[in-house]
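Below is one structure; the comments refer to it alone.
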Amino acid sequence: MKKTYLKRAIASILLLCCLSLTTVYADVTQDDINDAKEQVDNLEEQVEDAKNTLDKINDKKDELEGNLKNLNGNLQALAEDMNELEADIAAKQEEIATATTELEAAEARSAKQYDDMKLRIQYMYENGNMSMLSMLVESDSISDFLNQAEYVTSINNYDREKLEEYQKLQEEIEEKKTLLEAEETELLALKEEMEAKQKEVSNLIAATESNISKTKTEIASAEENKKDLEEKLKYWKEYEKELEAQKIKEDLARWEEIQNMEKEDWSGVEYIPLDGEAYLLAAIIQCESDGEPYEGKIAVGSVVMNRVRHSKFPNTITGVIYAPNQFAPVASGRLAYRLEAGVNDTCKRAALEVLNGNITNNCLFFRTVVPGIEGTIIGNHIFY
């Protein structure tokens with residue numbers, strides 16, 4: 001047994017001097033690929049957020065443009081109403097002017113009629129020196145006298161009727177003019193209200209146009225941001241593919257070497273786990289195969305134990321798991337988190353089964369399934 005441990009100690013030293021026998025020698029590690037995947041995932045989320053932001057801004061612009069269309073329609077309707085109102089005001093003012101002219105004419109006729117009446121009365125009673133007796137004396141007949149007397153009465157009645165007629169007409173025209181002026185006042189007040197409404201709508205249009213302009217600037221910025229993110233995403237996706245391709249190329253390049261490594265017979269090597277290594281094995285099993293079938297969990301534990309027994313790897317579970325660039329969860333910090341947060345019962349049971357001798361494969365490596373690698377596929381992993 002001492003010879004066996006001596007051989008394994010020497011093998012461990014040789015491993016440190018010749019790291020090209022494991023994934024350490026590869027130019028591309030799984031950590032590199034995982035980092036690229038993480039960048040891709042983050043950028044995909046950022047691109048999706050950028051798309052949502054752009055959609056919201058475009059919706060806002062569409063809403064503003066709809067509001068602007070409605071406001072322009074309202075302004076046009078107000079302009080048409082204003083034109084009609086101004087036409088009504090002009091017609092009303094023309095009616096007032098006509099009524100004013102008619103009133104002036106009626107007042108002039110009334111004044112003339114009054115002046116004529118005074119002249120006639122003055123002529124008959126003052127300048128004419130006529131009296132009922134003189135008319136009787138000077139009349140050729142009673143019929144002539146009666147005609148002259150009736151003529152005087154008729155003149156009086158005519159003047160009275162005409163004066164009353166002109167006065168009534170004057171009152172009607174004044175009433176009409178007052179009504180027209182009241183209607184004009186209402187129309188002017190309505191015009192003032194419409195002008196205020198036009199100004200309000202015009203201000204809203206100006207504000208909406210300003211907001212649309214700002215929104216277009218926001219859209220341009222959001223589109224530029226989305227474009228930049230998409231270009232970065234494209235780059236990282238291509239970079240991830242290149243890493244995957246390079247990793248596959250490197251795995252294939254050392255395929256023969258891996259097969260030769262697996263020709264070593266380590267079935268007789270016994271290993272007694274150190275304190276805490278059962279829990280450590282369960283933790284790496286959960287990190288690497290959480291969500292995989294139970295068979296896949298046992299297979300991951302088997303790979304760890306195969307390495308422990310192989311002369312090219314460290315001779316402890318701790319050494320194998322923490323060997324540089326061997327298990328991605330170690331570098332990413334997921335293993336440390338799992339050790340602190342706790343391991344589920346299923347992975348603990350799988351680790352105990354492996355330590356009790358349930359080794360289900362003779363493989364030293366496993367990874368996600370990719371073309372070109374031959375091996376045993378269990379779930380999303382290929383073991384080789």
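The values are calculated or read from the model by the stated rules, or taken from the named source; none is laboratory data. None of the values given here were measured: they were computed from a predicted structure. All Cβ positions, glycine included, derive from the backbone under ideal geometry; neighbour counts span all protein chains shown.
Here are some residues: ALA50, ALA36, ALA77. Which one is buried (at least 17 other Cβ atoms within 10 Å of the Cβ) and either at pLDDT 85 or above or of a type in the set (Val, Ile, Thr) (or both)? Give the steps one after another, and end with the answer.
Values: ALA36 fails: either at pLDDT 85 or above or of a type in the set (Val, Ile, Thr) (or both); ALA77 fails: buried (at least 17 other Cβ atoms within 10 Å of the Cβ).
Within the list ALA50, ALA36, ALA77, the selection yields ALA50.
Has the stretch 155-165 got at least one residue that is polar (S, T, N, Q), modelled with pLDDT under 70 and touching a helix residue (DSSP H, G or I) at 6+ places or on another chain (Cβ under 7 Å)?
Step one: filter the stretch 155-165 for residues polar (S, T, N, Q), giving 156-157.
Filter once more, so that each one left must be modelled with pLDDT under 70: 156.
Okay, now just the ones that are also touching a helix residue (DSSP H, G or I) at 6+ places or on another chain (Cβ under 7 Å), so none.
No: zero hits.
Among ASN306, ASN380, ASN325, ASN315, which is under 24 Å from ILE248 (Cβ atoms), more than 53 Å from the chain's Cα centre (by Cα) and of a type in the set (S, T, N, Q)?
Values: ASN380 fails: more than 53 Å from the chain's Cα centre (by Cα); ASN325 fails: more than 53 Å from the chain's Cα centre (by Cα); ASN315 fails: under 24 Å from ILE248 (Cβ atoms).
Criteria check complete, one pass: ASN306.
Restricting to the stretch 289-303, what's the tally of residues that are part of a helix (DSSP H, G or I), out of contact with any strand residue (DSSP E or B) (no Cβ under 7 Å at 6 or more places or on another chain) and surrounded by fewer than 24 Cβ atoms within 10 Å (Cβ to Cβ)?
Summing the residues that are part of a helix (DSSP H, G or I), out of contact with any strand residue (DSSP E or B) (no Cβ under 7 Å at 6 or more places or on another chain) and surrounded by fewer than 24 Cβ atoms within 10 Å (Cβ to Cβ) in the stretch 289-303 gives 3.
Mind checking whether some residue in the stretch 353-376 is closer than 15 Å to GLN286 by Cα and in contact with a strand residue (DSSP E or B) (Cβ under 9 Å, 6 or more places away or on another chain)?
Within the stretch 353-376, one or more residues are closer than 15 Å to GLN286 by Cα and in contact with a strand residue (DSSP E or B) (Cβ under 9 Å, 6 or more places away or on another chain).
Looking only at the stretch 304-319, which residues are in a helix (DSSP H, G or I) and small (Gly, Ala, Ser)? It would help to see each step written out before you state the result.
Here is the first cut: in the stretch 304-319, the ones in a helix (DSSP H, G or I) are 304-309, 317-319.
Hit for the stretch 304-319 is GLY319, nothing else.
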